[in-house]
1. Given the residues 61, 72, which is the only one that is assigned to a helix (DSSP H, G or I), modelled with pLDDT under 70 and not basic (Lys, Arg)?
2. Would you be able to tell me the number of residues in segment 48-68 that are closer than 20 Å to residue 89 by Cα and aliphatic (A, V, I, L, M)?
3. Out of (1) modelled with pLDDT under 90; (2) open to solvent by 100 Å² or more (accessible area, probe 1.4 Å); (3) part of a helix (DSSP H, G or I), what's the single condition that is false for residue 14?
4. Residue 50: modelled with pLDDT of 75 or more and either basic (Lys, Arg) or not in a helix (DSSP H, G or I) (or both), yes or no?
Amino acid sequence: MRTLVVLSLLAVLVMAATCYESHESMESHEYLNPFLNRRRANDFIQADTRLRAITQERIRERSKAPQEHQRELCEDYYPCEMYAFRHGYAAAYKHYFGRRRTK
């Protein structure tokens, strides 16, 4: 019986020591407001550089030079591509697509 009382007192002391909430933990700002706002949440996480590179590539695809669009159009059409090997892409584009007029 005496051992049971000693063990229960010891258990109460261990529980009191581990579950005690000190004043310092109450002063923490996380205790009052555990959630961060959106702007502060991104402060400590850096964006992935691969993702940034992919985004830049997508922007470059949207803003290509007119000559690049002409070259890609010519590369998709086989006779124009063969003509471009001999005379250049500018001349090939003019030969195959330059005479078209929109109404």
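The values are calculated or read from the model by the stated rules, or taken from the named source; none is laboratory data. This is a predicted model, so every value here is computed, not measured. With ligands, DNA and RNA removed, areas are computed over all heavy atoms of the protein, side chains included. Shrake-Rupley method; radii C 1.70, N 1.55, O 1.52, S 1.80 Å.
1. Only one candidate qualifies: 61.
2. Here the count works out to 1.
3. Condition (2) is where residue 14 drops out.
4. Criteria not met by residue 50.
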